[in-house]
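*Asks:* Below is a structure I'd like to ask you about.
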Amino acid sequence: MWHPDFKVNNRTLGLLEKITELRSKIQESSIRLPWIPSLVRDAVVQSAHGSTAIEGCTLSLEAVETLFEGKQVLGYPEKHIRMAKNYIDAIRWITKNEKKSIISEKDIKRLHAIIAAGAVDGGFIGEYRKVDVRAGIYSAPNWRKVSGLMKEFVDWLNGRSKDIPAVFSSSLIHLQFVNIHPFRDGNGRCARALATWELYRRGFDTLHVFSLDEVLLENRNFYIKNLQRVQVEKYPLSAWLEFMSETILATLERLYKRILSTGITTNTQISLTLKQEKLLRVIQEHRIMGISDIARAIKTTIPGAHYVLKPLIKSGVIIRTGHHKTVKYTIPPMINTSG
């Protein structure tokens, strides 16, 4: 069984303390619900843009946001459009499956199939490679070893990974997946999606508002260098944990700064029902909806939809636009997203 051997240095422990403190502040701020849908949307868009741009996707952040809204994007290579759209779909898929206590190899193959469809250079999607591959200067293990290595990886992911902080387990999942490189192409995107999934499963990012990929993209060369240090130069795992802890802290600092800059002053606390949670996700995806569309989306009657909407409108989480028969419902834009 794979069992990562590492010692956490004092600096990384200090980073972990800062991460824990800042994460608590962000969670406490979640009572201000008008922030949340906009931040969730931003996190998905930034993750899709960051993770695919690391692999050479040329779509701008604005183009990825257009894809998120379900609109057509023109002027980019079809493969690049598929890369970004697929990653959005992958984040949505892991969000739906965030509560899975056990992740199987079948789940990982399904994740790869979502990410890779029409967006990789070669090999079967959703199937382990049967050729030897290189990633830059790193030579991945012989393809005949992949099946056994993945079994050990999944056993650790579902077992002893729970004995360490989510920051560390997510980072080690990221690293070991790219070490194994189980697929012909698309491994980096899968590794980053799996790392995000681990943060969801372990309850670290319960709001789904963190985007590590945004920070990794901005530090792409350093990110690749840190991978190579462990993969090729045989640096200790503690070096990778320190780098990823820095990345996670930078992500949280950026997020918290944006939260503080919104200027939203409502302190209304709401305990959301399941239908209200679903409604917020649906309106977040469609941006603006009529009452009939809302009722169909959350599987209720029109009077039932009004009942679900009422407390959300009262608190300012959702606003009405138009008059009488033309009334539509939307999420108000963030007042100030700079920073």
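*Asks:* Checking the condition free of Cβ contacts under 8 Å to residues at least 40 places away in the same chain, closer than 30 Å to TYR256 by Cβ and of a type in the set (Asp, Glu), which residue from ASP213, ASP107, ASP163 passes?
*Replies:* Unique residue meeting the criteria: ASP163.
*Asks:* Moving on to the next point. Kindly indicate which of ASP107, ASP5, ASP89 is touching a Lys or Arg at 6+ places or on another chain (Cβ under 8 Å), outside the structural domain of LEU309 (by TED's automatic domain parsing) and of a type outside the set (Gly, Ala, Ser).
*Replies:* Exactly one of ASP107, ASP5, ASP89 is touching a Lys or Arg at 6+ places or on another chain (Cβ under 8 Å), outside the structural domain of LEU309 (by TED's automatic domain parsing) and of a type outside the set (Gly, Ala, Ser), namely ASP107.
*Asks:* Where residues in the stretch 220-242 are free of Cβ contacts under 8 Å to residues at least 24 places away in the same chain and of a type in the set (Phe, Trp, Tyr), which of them is nearest to LEU13 (Cα to Cα)?
*Replies:* Only one residue tops the list, namely TYR235.
For every residue, the table says whether it meets (1) under 22 Å from PHE68 (Cα atoms); (2) surrounded by 15 or more Cβ atoms within 10 Å (Cβ to Cβ); (3) assigned by TED's automatic domain parsing to the domain that holds GLU28; (4) β-branched (Val, Ile, Thr).
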| site | (1), (2), (3), (4) |
| --- | --- |
| LEU279 | yes, yes, no, no |
| ILE283 | yes, yes, no, yes |
| ILE298 | yes, yes, no, yes |
| GLY304 | no, no, no, no |
| LYS310 | no, no, no, no |
| LYS314 | no, no, no, no |
| HIS323 | no, no, no, no |
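*Asks:* Still on this structure, I have one more. For the list (1) in contact with a strand residue (DSSP E or B) (Cβ under 8 Å, 6 or more places away or on another chain); (2) closer than 19 Å to ASN226 by Cβ, I need the number of the one condition that ASP132 fails.
*Replies:* Exception for ASP132: condition (2).
*Asks:* Can you name the residue in the stretch 300-324 that is in a loop (DSSP other than H, G, I, E, B) and touching a residue at least 60 places away in the same chain (Cβ under 8 Å) and is also farthest from ARG281 (Cα to Cα) among such residues? Working first, answer last.
*Replies:* Of the stretch 300-324, the ones in a loop (DSSP other than H, G, I, E, B) are 300-301, 316-318, 322-323.
Now restrict to residues that are touching a residue at least 60 places away in the same chain (Cβ under 8 Å): 316-317.
Values: GLY316: 16, VAL317: 12 Å.
Result: GLY316.
*Asks:* Which residues, counting only those in the stretch 78-106, are surrounded by 19 or more Cβ atoms within 10 Å (Cβ to Cβ), among the small types (Gly, Ala, Ser) and outside any helix (DSSP H, G or I)?
*Replies:* None - no residue of the stretch 78-106 is surrounded by 19 or more Cβ atoms within 10 Å (Cβ to Cβ), among the small types (Gly, Ala, Ser) and outside any helix (DSSP H, G or I), so the list stays empty.
*Asks:* Now a separate question. Given the residues GLY14, GLY75, GLY70, GLY118, which is the only one that is assigned to a helix (DSSP H, G or I) and in the same structural domain as VAL178 (by TED's automatic domain parsing)?
*Replies:* None of the other options fit; the residue is GLY14.
The values are calculated or read from the model by the stated rules, or taken from the named source; none is laboratory data. Just so it is clear, the structure is predicted and the values come from calculations on it, not from any experiment. For neighbour counting, all protein chains shown are included, and Cβ atoms are generated from backbone atoms with ideal geometry for every residue, glycine included.
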